[in-house]
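Chemist: The structure is given below, and queries will be raised subsequently.
The values are calculated or read from the model by the stated rules, or taken from the named source; none is laboratory data. For clarity, every value in this text was computed on a predicted model and none was experimentally measured. As a convention, Cβ positions derive from the backbone with ideal geometry for all residues, glycine included, and neighbour counts pool all protein chains shown. Keep in mind that these areas ignore ligands, DNA and RNA; they rest on the heavy atoms of the full protein, side chains included. Shrake-Rupley method; radii C 1.70, N 1.55, O 1.52, S 1.80 Å.
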Amino acid sequence: GENVEQHPSTLSVQEGDSAVIKCTYSDSASNYFPWYKQELGKRPQLIIDIRSNVGEKKDQRIAVTLNKTAKHFSLHITETQPEDSAVYFCAAIGGNNRLAFGKGNQVVVIP
Amino acid sequence: EAQVTQNPRYLITVTGKKLTVTCSQNMNHEYMSWYRQDPGLGLRQIYYSMNVEVTDKGDVPEGYKVSRKEKRNFPLILESPSPNQTSLYFCASSSGQSNTEAFFGQGTRLTVV
């Protein structure tokens, strides 16, 4: 099945700086790559996703890039704000139609 | 309001005492799944269901059972809970297509003593 690896495990950034989280996946048949944000004590919620026929997607301060050849995708958060502090999960849907998650990144935005 | 509802939110139980965590969605979603979340291990899938009466094992199914008798409900059953099943559990649903958003329930914090 699909195996998703996520790096780094913890990321601290100064408010206003950018944050980048990288993920790799193993199943070349994977075609959907969502990112979920989980604030403390809350449920994961989708913030952005990308499909395999697209290389980059932006939504305000958030962007995701996908490199299918290298089998990695990244989340970019620009102009970080304190409310961006959370755990971020990358995920991929593989050829078996199952959603596999990475282990999560704790992002801390320092005011 | 579209939502996934889990009950209970918090549960403390003793080893060996059977329990059920309920999950219900009102979005007519075909696909439902259960995850457990443990520190440093992320979200690991326990079981999933692609439609009524169709269930399959995820990555960590041992010690759990599920059923899908109706489209909206997907209960998680622990026949004989053990302390290593102490965890945060999430139910999720999606429309069934392979590239659509998964909606999560609010989570169930289970402690087995």
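Chemist: Working only within the range A:31-44, note down all residues that are under 16 Å from A:Ile77 (Cα atoms), within 9 Å of another protein chain (Cβ to nearest Cβ) and not hydroxyl-bearing (Ser, Thr, Tyr).
Modeler: Of everything in the range A:31-44, those that are under 16 Å from A:Ile77 (Cα atoms), within 9 Å of another protein chain (Cβ to nearest Cβ) and not hydroxyl-bearing (Ser, Thr, Tyr) turn out to be A:Pro34, A:Gln38.
Chemist: Could you list, in sequence order, all residues of the range A:1-23 that are open to solvent by 30 Å² or more (accessible area, probe 1.4 Å), under 25 Å from B:Tyr89 (Cα atoms), of a type in the set (S, T, N, Q) and part of a strand (DSSP E or B)?
Modeler: A:Thr10
Chemist: Please give the number of the condition A:Arg61 fails out of (1) open to solvent by less than 70 Å² (accessible area, probe 1.4 Å); (2) closer than 23 Å to B:Gln3 by Cβ.
Modeler: Of (1) open to solvent by less than 70 Å² (accessible area, probe 1.4 Å); (2) closer than 23 Å to B:Gln3 by Cβ, only one is false for A:Arg61: (2).
Chemist: From A:Ser28, A:Ser85, which residue is over 26 Å from B:Tyr31 (Cα atoms) and away from every other protein chain (no Cβ under 12 Å)?
Modeler: Every option except A:Ser85 fails the conditions.
Chemist: Would it be correct to say that A:Val109 is within 11 Å of the chain's Cα centre (by Cα) and at pLDDT 95 or above?
Modeler: Considered against the rule, which asks whether it is within 11 Å of the chain's Cα centre (by Cα) and at pLDDT 95 or above, A:Val109 comes out as no.
Chemist: Right, next: Pairs please, first residue from the range A:40-51 and open to solvent by less than 20 Å² (accessible area, probe 1.4 Å), second anywhere and part of a strand (DSSP E or B) and aliphatic (A, V, I, L, M), Cβ atoms under 6 Å, 6+ apart in sequence or on different chains.
Modeler: Hits for this filter: A:Ile48/A:Ile62; A:Ile48/A:Val64; A:Ile50/A:Val64; A:Ile50/A:Leu66.
For (1) in contact (Cβ under 8 Å) with a residue 24 or more places away in the chain; (2) assigned to a strand (DSSP E or B); (3) not hydrophobic (A, V, I, L, M, F, W, C), each residue gets a yes or a no:
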{"position": "B:Gln37", "(1), (2), (3)": "yes, yes, yes"}
{"position": "B:Leu43", "(1), (2), (3)": "yes, yes, no"}
{"position": "B:Tyr48", "(1), (2), (3)": "no, yes, yes"}
{"position": "B:Asp56", "(1), (2), (3)": "no, yes, yes"}
{"position": "B:Lys69", "(1), (2), (3)": "no, no, yes"}
{"position": "B:Ile77", "(1), (2), (3)": "yes, yes, no"}
{"position": "B:Glu101", "(1), (2), (3)": "no, no, yes"}
{"position": "B:Gln106", "(1), (2), (3)": "yes, no, yes"}
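Chemist: Go through the range A:92-111 residue by residue and tally those that are within 14 Å of chain B (Cβ to nearest Cβ), assigned to a strand (DSSP E or B) and either out of contact with any Gly (no Cβ under 7 Å at 6 or more places or on another chain) or among the basic types (Lys, Arg) (or both).
Modeler: Number satisfying all stated conditions: 5.
Chemist: Do you know which residues across the range A:66-111 are acidic (Asp, Glu), open to solvent by 60 Å² or more (accessible area, probe 1.4 Å) and either touching a Pro at 6+ places or on another chain (Cβ under 8 Å) or touching a residue at least 40 places away in the same chain (Cβ under 8 Å) (or both)? Give the steps one after another, and end with the answer.
Modeler: Of the residues in the range A:66-111, the ones acidic (Asp, Glu) are A:79, A:83-84.
Adding the requirement that they be open to solvent by 60 Å² or more (accessible area, probe 1.4 Å) leaves A:79, A:83.
A:Glu79, the sole residue that qualifies.
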